[in-house]
Each structure stands twice: as structure tokens, then as C-alpha cells.
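First the structure, in the form of C-alpha cells, and then the observations on it.
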Amino acid sequence: MDSFHEPRRVTEPIKLEDLTADVLAHTAECQAKGIPLSGRIIHVAHYLPITATLLESSHPGILSPPATPPQQLTDISPFPSTTAPDHPPEDCPKPKWSISGRQGHATIISGIRSLSATHEQFIVGWTGDIEGPNTNSAGEKVKIPSTALSEEDKAALEEEIANFKSEDEDPKTKTTCVPLVLDDKVAHGHYDMYCKQTLWPLFHYLLWQDVSPTSLSASFSADEYWAPYEQVNTAFARRILDIYRPGDLIWVHDYHLLLVPKLLRLLVPDVYVGLFVHTPWPSSEVFRCLPRRKEILDGMLGANLVCFQTYSYSRHFTSSCVRVCGYEVTPRGIDVQGHVTAVMHTPVGVDADRVLRDLSLPGIQPKLQSLLKLYAGKKIIIGRDKLDVVKGVVQKLRAFAKLLRDYPEWIGRVVLIQVTSPALSDTPKLERQVSELVSSINGEFGSLDFIPVHHYHQTIKKDDFYALLCAADLGVITPLRDGMNTTSMEFVIAQGKTKRSPLVLSEFMGISSNMIEALQINPWNLDDVAAAMHRGLLMSPEEKETRHAKLHSVITTHTSQTWAMTLVKFLHSVLDAQGVARQTPVLPTHHMLERYAKATKRLFLLDYDGTLSPIVKTPSMAVPSEDTLTALTHLSADPRNLVYIISGRDGAFLEQHLGHIRGLGMSAEHGGFIRAPGSEQWINFTESMDMSWMSEVLDVFKYYTERTTGSHIEVKKSSITWHYRGADPEWGQFQCRQCQDLLENNLAHKRPIEGMATYYMMYFIVLVGKKNLEVRPMAINKGEIVKRILYLNPDAEFVFCAGDDKTDEDMFRSLHLPDAPLPYTMDAPLSVSLVSMAEKTREFPPVELKLAPEDIFTTAVGHPSKRTLAKWHVTSPLEVVAELLELAGVAKGEEGPKL
């Protein structure tokens, strides 16, 4: 993934029918390739799209706590002002629970439900606060504590929810809601505190101390509510497993549940998980301020796919993974120990059909006519936002004042109707600031018969809202940061029935890349916002019509339904690309012990870094553990065993840390040198080669070292390596690609490396490692060393070979025996003949191997989805050492024999 260039914006119309056909075809392709798909999708959201009221409890003596203020999830009532929700007749028997639709998130839920036409669907979510049937003096329903619910109550709730069907749900399809009841204290510590006081501000480029009322306390910590966040994510993961079947697709939604993908991956390693983040994702320089930054990223990277609203958000996320965790970015995604997480982006749309239906509500037209009559002769600018710092209401008001100052001809001729609804993060300070600004503008530019700003801080009914959108001559939506903003899209659809009025839109929104025909502005630049307002108010009818037609086409085709189907398509494509049908199985310890016990001669061929010792930032710190030394010592002491360390390290490092183990063989510099067990002499495979190419490569590496702070060069006898682990992660990776391109396309093909005389002609090979770039002769590799050891020990009856990176694939490849009758015949490898070229008359005849395929245990260290030629896998160096201790018959922590 190249983070330096943003792809071209695509706003062509999308047909839902075509997307659906693609998904169905891709499903068949995946199943044909052995990828099991159940045809079910489990969506995981913080809230269920319902509210639950307990009418009658089986729990004796149930008490109700003091009422808490209701949480407003939207600023538009789902009912028009002329209607009210239906209630059952009084003579009907009352059920234990009453279920109704929850306000808010209608766009996302409509997208999810649309997939029920092609998939069996489930939504796992928190029930929210349980309401009682009674109200307090303020008319608010009293909350029932979750601890007061009996098991019978919970079972009845689950049954009632399973049978509930929303009015706007397609009667031909069904999406099953799966409730999760949480402890009230934990649930609100998770949502009200950690999500809204820590993550929400951070993702909108604000730090918690800037917005949280509790941050003024001397004891405030952004970590204070981390425990509830973990607890809720864990509870969600367990609830998902209650209904999970192999082959299910799981889509986790938003920042409330960022730990769930990894938790699921730990419980079900081959689970198919996608994560969609609806909020913005900040720059890595902002995100790295979060104390639990690594835990959050690791949680997200448990998914097969992480998806964002825009390319820039996905780029910031990738940068965060590189800078905070040091993970490698590959063309397929972010590599975490072999598990690759793809990163994509697609914006959310609105349910255009639902908006069109709502615009036909009978209460809208009378209100529209009243507004047009009330503001006759004046231009109407409309703004509707939650009263939240990130929504940019303050900046919008200042820009409107700037409009009236810079373009005084609008005084008395334009009004701003600004609706601000209460938000969870609403603060008295912000409300006071907005009120003061409104008063200031009205005092400076108003008169007895003209009020420039009409501010309404309240929740408005749906027909009032749509009447405002239809009446507007200009829409102004200027959040400082935002993910999906439905008002902007609803404005365009509403204007299709009236004036085709233009839209001034903040460029810092998740949907801005799709709405390129809007007048996009930087909300911090008041001059530009005022100029855009002026331009929009004076826009010609022809330009209005052209811009509106393009915006309308995009919004009515890039809908919530196409978004949801795109997510399914993306996840299918990722599963296909990752080859999830080919999961490397776990090393069968019991079977391996049986083959080991029967063999009269055994070979151990082991990489060092990342296999026997974890990868560390400072290479010199990668020292073997006591358990590693114990295992190698015991295995080497057995005369039936031949143990080799085959490493990229130089001979000096291997001798320093492992040279004291008698009977241990070593190969250094990726096969450039070998030291047989019991010998102190190193055999140099490069002595007969022309190594003058190294000076040219060294000059190239010096050039990049001078321009990449934190990088350095390591010169070995048979290879040369450029390390950039200490450099800026993204810059180092970019420079590595440039350097690799220069070496491969301008140097390698011009500079052959010859062996003795004209016996063997080869070119050097450029290898991209973990934070390094290595150049060595093509014929020098770990695979050649393994072939040499096999050739010289044809009586071996057992092989255990372990490695973790690309250079170790050469070992696995060399141990892949041909499909031929036993015994296998092996010709002398180059690593044998090259060393003995001085012995002109010596011949190296083929040998017969006693090995059978079931005696070879090639083992990759990393995730089972890692692409490898190995037959088996373990997840970490600790597991490799544990297997070696098991084979050696030594308990962990036991000391080895005295040397």
C-alpha cells in the first residue's frame, strides 16, 4: 500500500443489482475453491436497533433506581409531529416485555437489513438501558437495573426480540436481533466514559482533556475506563460465539468494539471477520497519544479486513500500525506474524428510498409553505448539527458573520436557521459560546424587523426537518471532522423536489470524496467559507441544476444498501486473496514424537531470529533463552541427532552465543558459511566466487544511508545488508522500495557473479527482509545448505526444520521430496560440488535417502494463514522451543547437562 498517493475519486453510479450478482457469483467461486461459506452474516453493533421495556418482572421485590437523563441517539424524532406511535388496545393481555424501534442509526440498519435478501442475518448488540413501565415527575421512563432481571426475564426478552419485526423492515425477509445484557456500571463505563470521553475526541483530532469535564480532575487518566472497555468487548465476543457457525461472515461495526476481532481470532483461529470504522481515523501523530494504542491496533488487526470511510482514514490507520507497532505493510495488507489484514475504504450512503418516502409525509408541505411565507424575500441558509465541538457550529456562525461583514449587501436579505440538537458530549460551555455568538451576530447585523440567525437548540420532528431542507436556498454543513453525515445527503434528495439549491460542505468528512460537486471548504478558513456561501447564494440556475444532478445521481446510487453489499463483496475478495482455504495446520506434536522415537538418525535444521529467539529492535539483544540453550544442548548430546542452526547471522555471533554447545552445527550468513558439529573450522562457499560486486552495492547502500536517518549497513563476508529498523517506519519502507528497484533494475542484470572460471555463472539476488534489504549471491541460500546436509547424511530418518521468514522458505522448498517411488535418489547439490572444485577428479555420485514424506516436519513460525511451503505451523518462538524440549525429553526450566 503506497501511502504517498491518494487514488482517483470514483463517483460513477452503482447498481445494487450488479453488486448483488457479483456477490452471488463470488460466493460460488469461493465455495468452489474450498472456502466454506455458510450464507449467514453476523453484524455486531454497540446497540440493538430496539428498546426494551419491562412491563412485568418475575423477580420479586424489583426496585427502580433514580432516573437518569435519556440518551438522545438522534436529533430527529422518528415520528412526524402529527402522529404518534401505536399502542396496543387496553383489553389485550399485556406481555412481559414491550419492544419498539430505537431512534438513530436508521441508515446503517437499513443497509444491514437489505442483505437479508441474499443472506441469513443476525445483529448482536447491547439492549441498552432497560426501561420500566412507569415515568418520573419529568415524564421520563424509569430505568430498571440489569442486576434486577431474572434469568426468566432475560429468556423472555430474547424470545420477544427474536419475534419482533420493525415496521420499515421488508416483510419477506428477517434479520434476527441477538441481545446482550450488560452490567449497568460496566456498560456506561464503556460507552459514556471510554468511548465518548476518550476515543470519540481522539478520532476527531481532539484530546480527552480538551472535551471531558472530568479531565480537570488531578486524578483523571485516559486509562481510567479501559477495564470496562475490555470487559464489554469480551462479552460481545462470547455472545457472538453463542450463535456462530463455521463459514459465517462477521462484520463488527465502529469504535466501540475494536478489540472484538482479535478476541474472536483467539477463540476461533479461522473465523472470517470484517471491521468497519464509521468514525474518522486520525493521523498517527494524534493516535499515538492514546495510552492503549497498541492494544487497540492489535485488536483491530485480528480482522481479515478493516474498512474505513475514506482513503485518507485507511492511510492514517496503516501509518499508525507501522509507527506504533512496527508491523510490515505488504501489497495484501498489514502483516502481523503471518496474519495479513487487508485495509480498504468505502463511504456509507443513506437509504435514498426511505428518504423519498419520508419527503411525502403529509405534514411537510404545510410547514414548507409556512417557512417560505415567513421568510419571503430572503435567502434561507440551513444548518443542522449536534451540539458537539467537532461539528463546527461555532466556526459556521463565525463564517456567517464574516459573510455579512464582507458582503454587506446580504444584510436583511439572508437568514441562517441553525438547529442544534443535544449530544452526549454536550457541555454548558459550548452551549453558552454558541448562544453568545448568536446574540452577537443578531446584535451587530439585526434590526427590529430582521434577525439574521435563528438558533433552535432542540430535537425536531421529522416533518419539520424535511420542510427546512426543502425550503433552503443553501445548505451549510461544516464539521471539523466527521465520518458519515446524513444531513448533507438528505439535503440533496430533498432539494430534488424544490430548488436544486447548492451545498457548502466541509472537506473533512467521510463522504466528501463522493460529493465532489458540493462547494467543499476548509471550515477553519472563515474567508473561504464566507466566499463559498456568497457564491452559493448567487449561483445561476443552470449551475445549480448541473451540480445537483450529479450529486443526486451519486447519492441515490451510493446508498446504504450498496454500501452493505460492497462490504460483503470486499470480504469475499479478501478471503479469496488470502487463500483462507489453505490454512497451515498446527504441528502435530504426538505424531512427531512417534516418528522421532522410531528414527535411528534425526536432523534438526533451525533458523535463529524469529524461530529460536523473538525478533527484537536491536539485533545484538537477540540472545538465546535458558530453555533454548537447554533444548539445543540435550538434542546435540544425543549421538542419533544432528542439530544445525542455519541463520542469517555471521559466524562470530553464532559462536559467541552457541559455540559452547558441543555437537552443534552452524551455518552463517544465509548459507555462505558452514561449520560441522565438533569442528572449529568454517567452510566458505564464496572463496571460489568473484565478490567484487559488493563494492558497487555498498556504494548504493551508502547513498540511501546518508538520506535515511536511523539506517545502517552491515557488511558480511558473503553478503551485505541495509537495515532501517531505527528509521522512520514509513520513510524507511519507502526508501527500501526505491533502493530495491535501483539494485534490481540497474545493477543486478549488468553484473554477473562468476564461480570458479566459467563453471557456474550467477547473478546476485536482492532479498527484502524484516526492516532490511540484503544482497547476496543467488546460489548462496539456506536451501543449498539443507541439501548439502541431506546429501551427506542420506541415512537420516527424521527431519525437523523450523523458520519464520522468506529466507527459510528455501529450506522448506529443498525438503519437498519429489512425487516418486521410494527410496528417493538425490544428486549432489551445488553446495557440495562448489566447495570441492579444487578436487578436479573427485566425483559426487547420487545417494539414496531413507526419508519418507511423513518423516519430514517443516514448520513455519507465525499465523496459520501465512503463505508458506511448510507443512505445519506454530505461532511463536516459545512454541518452537517447547517442541524441542518435548523431543529432548526435558521439562521446561530444567538445566542442560554440564559441559
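For the stretch 448-480, enumerate the residues that are farther than 19 Å from residue 394 by Cβ, among the hydroxyl-bearing types (Ser, Thr, Tyr) and either modelled with pLDDT of 95 or more or surrounded by fewer than 21 Cβ atoms within 10 Å (Cβ to Cβ) (or both).
459, the sole residue that qualifies.
Just give me the residues in the stretch 335-344 being open to solvent by less than 70 Å² (accessible area, probe 1.4 Å), in contact (Cβ under 8 Å) with a residue 60 or more places away in the chain and either in contact with a Gly (Cβ under 6 Å, 6 or more places away or on another chain) or β-branched (Val, Ile, Thr) (or both), in sequence order.
Residues satisfying the conditions are 336, 338, 340, 342, 343.
Do you know which residues across the stretch 395-433 are among the hydrophobic types (A, V, I, L, M, F, W, C), at pLDDT below 95 and farther than 21 Å from residue 471 by Cα?
423, 424, 430, listed by residue number.
For residues that are assigned to a loop (DSSP other than H, G, I, E, B), modelled with pLDDT under 90, open to solvent by less than 30 Å² (accessible area, probe 1.4 Å) and not aliphatic (A, V, I, L, M), tally how many sit in the stretch 559-591.
Selection size over the stretch 559-591: 2.
Cβ-Cβ under 7 Å, sequence separation 6+ or interchain: first residue in the stretch 647-670 and within 17 Å of residue 625 (Cβ to Cβ) and assigned to a loop (DSSP other than H, G, I, E, B), partner open to solvent by less than 10 Å² (accessible area, probe 1.4 Å) and of a type outside the set (Ser, Thr, Tyr). Which pairs?
647/607; 647/654; 647/668; 649/668; 661/632
Give the residues of the stretch 225-239 that are open to solvent by 10 Å² or more (accessible area, probe 1.4 Å), in contact with a helix residue (DSSP H, G or I) (Cβ under 7 Å, 6 or more places away or on another chain) and free of Cβ contacts under 8 Å to residues at least 40 places away in the same chain, sorted by residue number.
The answer is 225, 234.
Identify, by number, the condition in (1) closer than 22 Å to residue 116 by Cβ; (2) modelled with pLDDT under 85 that residue 50 doesn't meet.
Every condition holds for residue 50 apart from (2).
Only one of 427, 478, 498 is within 14 Å of residue 383 (Cβ to Cβ) and polar (S, T, N, Q); which? Talk me through it step by step, then tell me what you get.
Details: 427 fails: within 14 Å of residue 383 (Cβ to Cβ); 498 fails: within 14 Å of residue 383 (Cβ to Cβ).
None of the others qualify; the one that does is 478.
Conditions (1) in contact with a Phe, Trp or Tyr (Cβ under 9 Å, 6 or more places away or on another chain); (2) more than 15 Å from residue 383 (Cβ to Cβ), marked per residue:
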{"site": "457", "(1), (2)": "no, no"}
{"site": "490", "(1), (2)": "yes, no"}
{"site": "522", "(1), (2)": "yes, yes"}
{"site": "532", "(1), (2)": "no, no"}
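Being more than 14 Å from residue 650 (Cβ to Cβ) and not in a helix (DSSP H, G or I) is the filter here, so list the residues in the stretch 693-724 that pass it.
Step one: of the stretch 693-724, the residues more than 14 Å from residue 650 (Cβ to Cβ) are 693-712, 722, 724.
Passing the criteria: 707, 708, 709, 710, 711, 712, 722, 724.
State which residue is most open to solvent (accessible area, probe 1.4 Å) when the search covers only the stretch 13-43 and only residues that are farther than 12 Å from residue 576 by Cβ and among the hydroxyl-bearing types (Ser, Thr, Tyr).
Among those residues, the one meeting the criterion is 38.
Might you let me know whether the stretch 506-513 holds any residue that is closer than 25 Å to residue 404 by Cα, open to solvent by less than 10 Å² (accessible area, probe 1.4 Å) and not acidic (Asp, Glu)?
yes
Hey, residue 555 hits all of (1) open to solvent by 10 Å² or more (accessible area, probe 1.4 Å); (2) part of a helix (DSSP H, G or I) but one; which does it fall short on?
Just one mismatch for residue 555, condition (1).
Counting only residues that are outside any helix (DSSP H, G or I), within 13 Å of the chain's Cα centre (by Cα) and under 18 Å from residue 329 (Cβ atoms), how many does the stretch 280-309 have?
Number of matching residues: 9.
Going by the structure shown, is residue 315 within 26 Å of residue 511 (Cα to Cα) and open to solvent by 40 Å² or more (accessible area, probe 1.4 Å)?
Details: within 26 Å of residue 511 (Cα to Cα): yes; open to solvent by 40 Å² or more (accessible area, probe 1.4 Å): yes.
The answer is yes for residue 315.
Quick check on my filter: what residues within the stretch 605-629 are of a type in the set (S, T, N, Q) and either open to solvent by less than 10 Å² (accessible area, probe 1.4 Å) or within 31 Å of the chain's Cα centre (by Cα) (or both)? Working first, answer last.
To start, the set of residues in the stretch 605-629 that are of a type in the set (S, T, N, Q) comprises 611, 613, 618, 620, 625, 628.
Those that are of a type in the set (S, T, N, Q) and either open to solvent by less than 10 Å² (accessible area, probe 1.4 Å) or within 31 Å of the chain's Cα centre (by Cα) (or both): 611, 613, 618, 628.
Can you list the helices (runs of 4 or more DSSP H) found entirely within the stretch 345-422 that contain at least 2 residues being touching a strand residue (DSSP E or B) at 6+ places or on another chain (Cβ under 7 Å) and crowded, with 19+ Cβ neighbours inside 10 Å? Quick ask: steps written out before the conclusion?
Values: elements: 352-358, 364-374, 393-406.
Here the list reads 393-406.
Can you report the number of residues in the stretch 122-148 which are under 14 Å from residue 179 (Cα atoms) and either outside any helix (DSSP H, G or I) or at pLDDT below 85 (or both)? Spell out the reasoning first.
The initial filter retains those residues of the stretch 122-148 that are under 14 Å from residue 179 (Cα atoms), namely 122-130, 146.
Applying the additional criterion that residues be either outside any helix (DSSP H, G or I) or at pLDDT below 85 (or both) yields 122-130.
So the count comes out to 9.
If you go through the stretch 629-640 one residue at a time, how many are touching a helix residue (DSSP H, G or I) at 6+ places or on another chain (Cβ under 9 Å) and closer than 12 Å to residue 606 by Cβ?
Adding up the residues that qualify gives 3.
Within the stretch 240-274, how many residues turn out to be part of a helix (DSSP H, G or I), charged (D, E, K, R) and crowded, with 19+ Cβ neighbours inside 10 Å? Working first, answer last.
Here is the first cut: in the stretch 240-274, the residues part of a helix (DSSP H, G or I) are 240-243, 255-257, 260-267.
When the remaining residues are screened for being charged (D, E, K, R), the result is 242, 262, 265.
Applying the additional criterion that residues be crowded, with 19+ Cβ neighbours inside 10 Å yields 262, 265.
Matching residues across the stretch 240-274 total 2.
Condition check: without any contact (Cβ under 8 Å) to a residue 60 or more places away in the chain and among the aliphatic types (A, V, I, L, M). Does residue 676 satisfy that?
Working: without any contact (Cβ under 8 Å) to a residue 60 or more places away in the chain: yes; among the aliphatic types (A, V, I, L, M): yes.
So residue 676 fits the description; yes.
The values are calculated or read from the model by the stated rules, or taken from the named source; none is laboratory data. Here the structure is a predicted model, which means the values were calculated and not measured. We place every Cβ from the backbone using ideal geometry, glycine too, and count neighbours over all the protein chains shown. What goes into the accessible areas is simple: the full protein's heavy atoms, side chains included, and nothing from ligands, DNA or RNA. Shrake-Rupley method; radii C 1.70, N 1.55, O 1.52, S 1.80 Å.
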